[in-house]
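Below is one structure; the comments refer to it alone.
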Amino acid sequence: MTIDLETERVAGRAIPVLAATMLPVLCLLIWHPWNADMGDLRVYHAAARAFVHGQDLYNIPGLGLGFTYPPFAALLFSPFSIGLGFARVLITLASAVSLLVIGWTTAKALRWGPLAAVGIAFAALAFEPVRSTFGLGQINLVLLALLMLGLAGRTRFRGVLIGVATGIKLTPGIFILYLLITRRFREAAIACGTTAGTMLLAYVVMPRATIDLWTKYIFDPGRPGPPHYISNQSLHGAIARLAGNSAVPLWLLSATVVGIAGLLIARRLHDRGLEFDAVVVTALTGLLVSPISWTGHWVWIVPAAALAWSRCSAVLSWRTAWAVVLTAVFATGLPWWLPFAHDQEFHYNAVQTVVANAYLLCAAGLIGQALNSDARIRYTWRLRS
């Protein structure tokens, strides 16, 4: 009997480890990076080569879209300069390992076991934002892994991890605001200091590029691409598709309102002990208010969907139905089913407009579900008192 229990214990540990080692291999087989195009990785590779050879990061000839990240990111991308084939394999393996980290931190936050953690990582491959990230060679999963380690994991380096992520790509800076409104001032100060450190390092190494970013390119809204493009699943994208690209004041107003409301909801959830809900709501708020949130940026659907499924108490319930709809929208990449490009986004009818903004609507639904969880807790407290 003792031997059987020990065998089960060893098997329970070995199966998740074996499955985890298979994920990077599976990703290599699916996306075969040795001959894939990976359009965004081409930009990273070109920026890395520009940095290594002392050239201008933000004016690289031959690129359809310019480099939009801070110079610190180009410094980190410098290994990509070894060669495009090497860079493709490296980003694919890094994204696969990041998926395992995301699965582990998500399962830990939800108090699920190691098998569930690996299951989350494998299931994430079904989501369009994850597939897009692998296909384009983006760093979204790496950034998500850094943030999940800092926010969902129990670590003393929370502020450092958030600061590094913000130094690579500015949008994670919303989590510094989250630390401030939840009164974790020391961690917020560390995050700010780390971000400032990345900028200072970039200035020392690339002073001209750093000055150009903060005085010129940061104010160019069209540099990443047209905001009305179907892939932009942010408030800015939705408003641009409805009212035209000139409706910037309307976007600024709506982004301010949504940003403040989202952060206040996150603080309320944090105060109720729903820390993971608060982190997800903050992430969704950041995606909504960002000027550009390409579908690949929505990799936060991995922990968000796991959270939605964890709230399902019965097979036949509205929470289960909602989790199914949420999963279906992101697994199918619903907005991509519409005609797009060549300004076709300006001519959608009412139904197409809903489909075109499916990710935004799902974000609103997830925030609403989080508020419902808060309401259930308050109701339980009233019954007990």
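Quick look at the numbers
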| read-out | value |
| --- | --- |
| The chain - accessible surface per residue (Å², probe 1.4 Å) | 46 Å² |
| Kirkwood-type radius of segment 291-332, with distances r between different C-alpha atoms, in Å | 11.1 Å |
| 13 Å beta-carbon shell around Asp212, net charge (K/R +1, D/E -1) | +1 |
| Alpha carbon Rg of segment 257-385, scaled by the compact-globule rule 2.2 N^0.38 Å | 1.16 |
| Surface share of carbon and sulfur [accessible, 1.4 angstrom probe, percent] for the chain | 69 percent |
| Over segment 99-202, equivalent-ellipsoid semi-axes from the Cα gyration tensor in Å | 26, 18, 10 |
| Largest-first principal axis extents, alpha carbons of the chain, Å | 66, 52, 46 |
| Label-point separation, Val89 to Leu63 (7 Å along Cα→Cβ), nm | 2.5 nm |
| Of the DSSP H helices in the chain, those whose Cα atoms cover at least 18 Å axially and whose Kyte score averages 1.6 or more | 275-289 |
| Segment 101-178, relative contact order in percent, only Cα pairs under 8 angstrom and at least six apart counted | 25 percent |
| Projected area, mean over directions - segment 184-239, Cα convex hull, nm² | 5.7 nm² |
| For segment 170-316, alpha-carbon Rg over 2.2 N^0.38 Å | 1.20 |
| Environment charge at Thr332 (Cβ cut-off 12 Å; Lys +1, Arg +1, Asp -1, Glu -1) | 0 |
| The chain - percent relative contact order, Cα under 8 Å, separation 6 or more | 16 percent |
| Cβ-Cβ FRET estimate between Cys312 and Asn349, R0 fixed at 35 Å, reported to 0.05 | 0.55 |
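The values are calculated or read from the model by the stated rules, or taken from the named source; none is laboratory data. Computed from a predicted structure; not experimentally measured. Cβ: placed from backbone, ideal geometry, glycine included. Neighbour counts: every protein chain shown. Keep in mind that these areas ignore ligands, DNA and RNA; they rest on the heavy atoms of the full protein, side chains included. Shrake-Rupley method; radii C 1.70, N 1.55, O 1.52, S 1.80 Å.
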